[in-house]
1. Would you confirm, using the coordinates I've provided, whether residue 11 is surrounded by 21 or more Cβ atoms within 10 Å (Cβ to Cβ), within 10 Å of ligand 1 (Cβ to nearest atom) and of a type outside the set (Val, Ile, Thr)?
2. Consider residue 199 carefully, then state whether it is over 30 Å from residue 65 (Cα atoms) and surrounded by 13 or more Cβ atoms within 10 Å (Cβ to Cβ).
3. Give the range 14-32 a look and list any residue that's polar (S, T, N, Q) and more than 10 Å from ligand 1 (Cβ to nearest atom), or say none.
4. Quick one: how many residues across the range 116-161 are closer than 23 Å to residue 88 by Cβ, among the β-branched types (Val, Ile, Thr) and either within 16 Å of ligand 2 (Cβ to nearest atom) or in contact with a Phe, Trp or Tyr (Cβ under 7 Å, 6 or more places away or on another chain) (or both)?
5. Keeping to the range 131-141, report how many residues are exposed (fewer than 15 other Cβ atoms within 10 Å of the Cβ) and within 9 Å of ligand 1 (Cβ to nearest atom).
6. Against the definition (assigned to a loop (DSSP other than H, G, I, E, B) and surrounded by 20 or more Cβ atoms within 10 Å (Cβ to Cβ)), how does residue 92 come out, yes or no?
7. Applying the selection to the range 66-110, what residues are basic (Lys, Arg), without any contact (Cβ under 8 Å) to a residue 60 or more places away in the chain and within 14 Å of ligand 2 (Cβ to nearest atom)?
8. Do we find that residue 128 is within 14 Å of residue 16 (Cβ to Cβ), touching a residue at least 12 places away in the same chain (Cβ under 8 Å) and within 12 Å of ligand 1 (Cβ to nearest atom) in this structure?
Amino acid sequence: MSEQRTYIVLLGVPGAGKGTQAKLLEQALGLPQISTGDIFRYNLKHETELGKLAKSYMDRGDLVPDEVTIRMVEERLQQPDCARGAIMDGFPRNLVQAAAFDKMTAPYGGVKVAPLIQVDDEETIRRITGRRTCRTCGAVYHILYNPPKVAGVCDIDGGELYQREDDKEETVRNRLYVYYKQTAPLIGYYFAKGLLREIDGTQSIEEVQNALIAVIREAQPA
Ligand code: ADP
Ligand code: AMP
Ligand code: ZN
């Protein structure tokens with residue numbers, strides 16, 4: 001049998017706080033965050049073939065086709081920084097991707113735990129519409145809840161903060177629709193495997209982080 005790895009799947013509606021928490025978990029656990037959204041945005045910015053393909057789907061708030069997304073994740077997981085596992089943020093996003101991820105991770109013990117960060121729709125819309133993202137490092141802020149030290153400037157690298165095109169209201173509505181239709185079934189999928197852990201996402205960033213670390217440690221005794 002191959003060695004065990006720690007694969008954590010963060011679940012939650014867009015705006016629940018997955019990216020914010022994944023970045024903090026990277027430091028706490030020493031595992032890389034794999035955000036498929038960040039990888040797509042990087043490719044968009046650099047106008048790669050993948051970026052050109054993904055653009056129309058992202059602009060509408062639809063999912064990029066599974067075949068492309070799954071291949072991209074497979075390649076990412078082969079990088080040396082993923083040798084102990086990874087924190088999945090935004091993947092899997094439907095049942096086809098979840099089955100593919102089970103296959104990819106099966107030789108290493110599969111998914112360890114799938115924490116679901118829960119917030120209601122009103123809060124998620126407040127979070128998404130106030131979200132600002134760093135153009136250079138992808139760090140995430142909120143104009144009210146988690147503001148940078150200097151307005152419009154990233155604390156980490158001084159990069160410009162911008163509002164994602166798909167964080168504007170019309171697209172947000174479709175993203176929520178896509179979430180409930182395609183991604184929410186994953187809640188039942190991981191529940192049935194005994195891997196789902198519900199976390200109250202309306203708490204402060206620090207409290208959510210502590211709750212996450214607790215369920216991860218419980219799933220993965222040191
Ligand atoms: P997701 O990755 O799930 O789409 P993000 O991590 O980007 O969500 O968070 C969405 C927005 O909500 C960001 O502007 C972030 O700063 C803010 N946010 C995240 N967690 C909290 C929290 N616990 N309380 C208040 N605001 C939060
Ligand atoms: P996110 O940064 O997670 O909010 O994702 C932004 C956009 O990237 C989504 O609305 C999709 O268009 C695309 N995307 C991100 N992750 C996936 C995925 N796992 N499958 C398909 N499309 C994705
Ligand atoms: Zn930055």
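1. Judged against the criteria, residue 11 is a match.
2. On the way: over 30 Å from residue 65 (Cα atoms): no; surrounded by 13 or more Cβ atoms within 10 Å (Cβ to Cβ): yes.
Criteria not met by residue 199.
3. 27, the sole residue that qualifies.
4. 6
5. Here the count works out to 0.
6. Values: assigned to a loop (DSSP other than H, G, I, E, B): yes; surrounded by 20 or more Cβ atoms within 10 Å (Cβ to Cβ): yes.
In short, yes.
7. Answer for the range 66-110, where residues must be basic (Lys, Arg), without any contact (Cβ under 8 Å) to a residue 60 or more places away in the chain and within 14 Å of ligand 2 (Cβ to nearest atom): 71, 76.
8. On the way: within 14 Å of residue 16 (Cβ to Cβ): yes; touching a residue at least 12 places away in the same chain (Cβ under 8 Å): yes; within 12 Å of ligand 1 (Cβ to nearest atom): yes.
The answer is yes for residue 128.
The values are calculated or read from the model by the stated rules, or taken from the named source; none is laboratory data. Here the structure is a predicted model, which means the values were calculated and not measured. Backbone-built Cβ (ideal geometry, glycine too); neighbour counts: all protein chains shown.
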